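One structure is given below, encoded as structure tokens.
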Amino acid sequence: MKKKALFMCVAVAAMLVSCGGKRGGMPNFGDNEYPVVTVSTQSSESQTSYPATIKGIQDVEIRPKATGFITRICVKEGQSVGAGQLLFVIDNETYQAQVRQAQASVNTATAQCNTAKLTYDNSQQLFDNKVIGDFELQSAKNAYESARAGLAQAKAALASAKESLSFCYVKSPASGVVGMIPYKVGALVSGQSPQPLTTVSNINTMEVYFSVTEKDLLELTKIAGSANAAINQFPPVQLQLADGTIYNHSGKVVKMSGVIDAATGTVQMIAQFSNPEKLLKSGGSGSIIVPRNNNFAIVVPQSTVVEVQNKKFMYILGANNKVKYTEITVAPQDDGKNYVVTSGLKTGDKYVTNGITKLTDGMEIKPITPERYQQKISEQAKEMTAGDIVGSMKN
């Protein structure tokens, strides 16, 4: 019997504490006593997450300059390539013919230039011997100059034909990893094709794009003094991957857009992450987690706060032990148990912790300490009869 009585007392005490800890109320002590706590500051750690998009530090779209059918694909999707490595070959018979034709024109122009030079040199000798006059010499010189110009033009055409031929051999402009290859051998491609041949991404370092609100940006800038200083003082950030895991390398915010998006009211920021294991892929998604540490935070239990139409209120103890129904604002992030108060409450204020649903604005109370509150709960539990217990459970 003693064990049952002891068990019942413990159960009742637990029930009373539970009831007192909820917003639903407080044990009826009958003497208008409410527990009150004095506000003090403490260290607070929180974090904010932002949706993010992952890209390689250099994503290069590979598009052909030549028009033709793909005759060879030299790489595979996901393959690592170096700068200058051959990726695709486009049908080049026509371009080779143009090169041969241009080379023939160069040969012809060279021969004509050589003949014109011999004629000019011979005319120069005849002029020196006074066999011919100025007109004949000048005519030979003009013919030679025209032949030289024709040769230069032919060489330029040859260089252009060779460059056009080189466009049929599509090479990687940078080192990286080959992305999706939407075209197959035999596909007709050109510079106006809707999709690039592929994308080469440098994924040794990844850039993660996320956006912060204008309010957050202003707060950071005011604290740091300038936007550049805010970036330099930005704490290391974490990347939460699509599967919910945290990437094992921290990142650093390195860049920030100078323009606020009028449609969303946000500013884009870029954090860089090293990618030695090649786990991150360009085009992926995740969330950037920004830690926030506050050594002078005012933290209150959520059970002491009344929420009305997205607004939050607390009962603050005022003069003559009268409570004041006071609106507060809190940080948008919380741990599910406590709020970090940003305004409406200051160090030294006193607030009611339990029984807040029984209070009204301006009501006079008798403040007691939380320890005395718990003691009275235990005393009341011991005094309750079995009928009282059953009645309390029904209520």
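The values are calculated or read from the model by the stated rules, or taken from the named source; none is laboratory data. All of these numbers come straight from a predicted model, not from anything done at the bench. When we count neighbours, we look across all protein chains shown, and the Cβ atoms used for this are built from the backbone with ideal geometry, even at glycine. When the accessible area is computed, the model is the full protein with side chains, heavy atoms only, and any ligands, DNA or RNA have been set aside. Shrake-Rupley method; radii C 1.70, N 1.55, O 1.52, S 1.80 Å.
The residue that is least open to solvent (accessible area, probe 1.4 Å), among those in the range 8-63 that are at pLDDT 70 or above and not in a strand (DSSP E or B), is VAL39. State whether the residues of the range 309-319 include one that is among the polar types (S, T, N, Q), open to solvent by less than 90 Å² (accessible area, probe 1.4 Å) and either modelled with pLDDT of 85 or more or out of contact with any Ser or Thr (no Cβ under 8 Å at 6 or more places or on another chain) (or both). No: the range 309-319 contains no residue that is among the polar types (S, T, N, Q), open to solvent by less than 90 Å² (accessible area, probe 1.4 Å) and either modelled with pLDDT of 85 or more or out of contact with any Ser or Thr (no Cβ under 8 Å at 6 or more places or on another chain) (or both). For the residues GLY191, GLY258, GLY244, the requirement of being within 25 Å of ASN338 (Cα to Cα), part of a loop (DSSP other than H, G, I, E, B) and not hydrophobic (A, V, I, L, M, F, W, C) singles out GLY244.
Per the conditions (1) in contact (Cβ under 8 Å) with a residue 60 or more places away in the chain; (2) touching a Phe, Trp or Tyr at 6+ places or on another chain (Cβ under 7 Å); (3) not acidic (Asp, Glu), the sole criterion not satisfied by MET314 is (1). For the range 261-277, filtering for residues that are open to solvent by 70 Å² or more (accessible area, probe 1.4 Å), closer than 22 Å to ILE203 by Cα and not in a strand (DSSP E or B) leaves 2. All conditions but one from (1) modelled with pLDDT of 90 or more; (2) farther than 30 Å from ILE223 by Cβ; (3) exposed (fewer than 15 other Cβ atoms within 10 Å of the Cβ) apply to GLY391; the one that does not is (1). Residues in the range 96-132 that are in contact with a Ser or Thr (Cβ under 8 Å, 6 or more places away or on another chain) and outside any helix (DSSP H, G or I): ILE132 only. In the range 194-207, what residues are in a loop (DSSP other than H, G, I, E, B), within 26 Å of the chain's Cα centre (by Cα) and in contact (Cβ under 8 Å) with a residue 60 or more places away in the chain? Matches in the range 194-207: PRO196 only.
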